[in-house]
Amino acid sequence: MLALAAYPLGLSALFLDRSADAPGAQIAPILLGDLEDPARLAELAARSDVLTFDWENISGAALAPLAKLVAIRPSAAALQVSQDRLLEKALFARLKIPVAAHAAVDDLDGLRRAVQRLGAPGVLKTRRMGYDGKGQFVLQQGADIDAAWAQLGAPGLIYEKFQPFSRELSIIGARDQKGRFVSYPLSSNTHSGGLLRFSVAPYRNARLESLAKRHLRRVMEHLSYVGVLTIEFFVVGGRLVANEMAPRVHNTGHWTIEGAVTSQFENHVRAICNLPLGSTRALGATAMINFLGTLPDRSSLLGIEGLAFHDYGKEPRPGRKLGHCTILRSSAADRNRALAEALKLIRWT
Ligand code: AMP
């Protein structure tokens, strides 16, 4: 999706991926190799003007030698913070952005102490490499401590208090090299089993949007960030509690391809290539639904007015994101009707 946004601007893309049938290979040349392979990364850097990511777990050590060869945007420092849930929460707290009460956990005794201090329910998570609900265990009560440890037990965990949220929201923004900043309207996101099922945007709440925007801008300015950044929030008692950030284009911003004047992908490309940022204005009311595990019937879905279908060309596997669709309508009520209709045609496996 980044490459599809880059081509009309006269830019070309080159990917590094472990697999020759990675989605990007359908539209751009691909270097095959491990994402931390020094020789492959050096080749990628030598053949590129700017390096960016749609996956944030590449170590600073792998990137350090490249910084002399090529511009890396966003910076390795921004990646580093978002690779570790504890560093992320520390940064939010430092910037006065509320986070869930939490504690670092490195052994079973530490988990016992954390549950005693913070109480249950809570979520035990791996600090690093966790995404889409992987590496998480919800402790309903103290009696679940042993089961949680049996599943995740290893150093490098975080225990955080369960947030009784009324809604999950995300905000996506872009910042360029001159410090100009734009942000998209809020997206309201429905997860299940740790996986994003669908989003609706814009979620209209002027107070929460201006608060989220301020939080996002503060993080981006603090990191001298260049590119697109996402922050996910829980809404708890009308307040925003930051859950995590992603230093990249985000699943909850896929609606912007059809639903905003300039998509998150294009704005990321513009920001990292030193081009003016585009308008983030929403064109209507949208819903984005993920295709998980199984691709739905294309013909039935395309019968819904204003629906755009995105097949990533991936092998089906349970829980795998294989594509998505976006519905664009002129009113929220109309959008909600079409969303309900589309959900009946989609099976998550
Ligand atoms: P994460 O990988 O942190 O984004 O978590 C995936 C999903 O699990 C979130 O979007 C929430 O739906 C749920 N979740 C994670 N942490 C918490 C928490 N502290 N309280 C309640 N729900 C959570």
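The values are calculated or read from the model by the stated rules, or taken from the named source; none is laboratory data. In this text, all values refer to a predicted model and were calculated from it rather than measured experimentally. In this analysis, Cβ positions are derived from the backbone assuming ideal geometry, glycine residues included, and neighbour counts consider all displayed protein chains. SASA here: full protein model, heavy atoms, side chains in, ligands and nucleic acids out. Shrake-Rupley method; radii C 1.70, N 1.55, O 1.52, S 1.80 Å.
Here are the numbers:
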read-out: Members of segment 301-349 that are in a strand (DSSP E or B) and among the acidic types (Asp, Glu); value: Asp311
read-out: Options Gly179, Gly193: the member that is out of contact with any Pro (no Cβ under 7 Å at 6 or more places or on another chain) and under 19 Å from Val269 (Cα atoms); value: Gly179
read-out: Criterion (part of a strand (DSSP E or B), under 18 Å from Arg73 (Cβ atoms) and in contact with a helix residue (DSSP H, G or I) (Cβ under 9 Å, 6 or more places away or on another chain)) met by exactly one of Leu16, Leu44, Leu11, Leu35; value: Leu16
read-out: Where Thr190 falls short, out of the listed (1) surrounded by fewer than 24 Cβ atoms within 10 Å (Cβ to Cβ); (2) in contact (Cβ under 8 Å) with a residue 24 or more places away in the chain; value: (2)
read-out: Subset of segment 123-175 [in contact (Cβ under 8 Å) with a residue 40 or more places away in the chain, more than 12 Å from the ligand (Cβ to nearest atom) and open to solvent by less than 30 Å² (accessible area, probe 1.4 Å)]; value: Gly156, Leu157, Ile171, Ile172, Gly173, Ala174
read-out: Out of Glu209, Glu258, Glu266, sole residue that is surrounded by 24 or more Cβ atoms within 10 Å (Cβ to Cβ) and away from the ligand (no atom under 16 Å from the Cβ); value: Glu266
read-out: Any hit, segment 168-190, residues being out of contact with any helix residue (DSSP H, G or I) (no Cβ under 6 Å at 6 or more places or on another chain), in a helix (DSSP H, G or I) and not small (Gly, Ala, Ser); value: no
read-out: Search result, residues across segment 310-336 that are loosely packed, with under 14 Cβ neighbours inside 10 Å and either in contact with a Cys (Cβ under 8 Å, 6 or more places away or on another chain) or among the basic types (Lys, Arg) (or both); value: Arg317
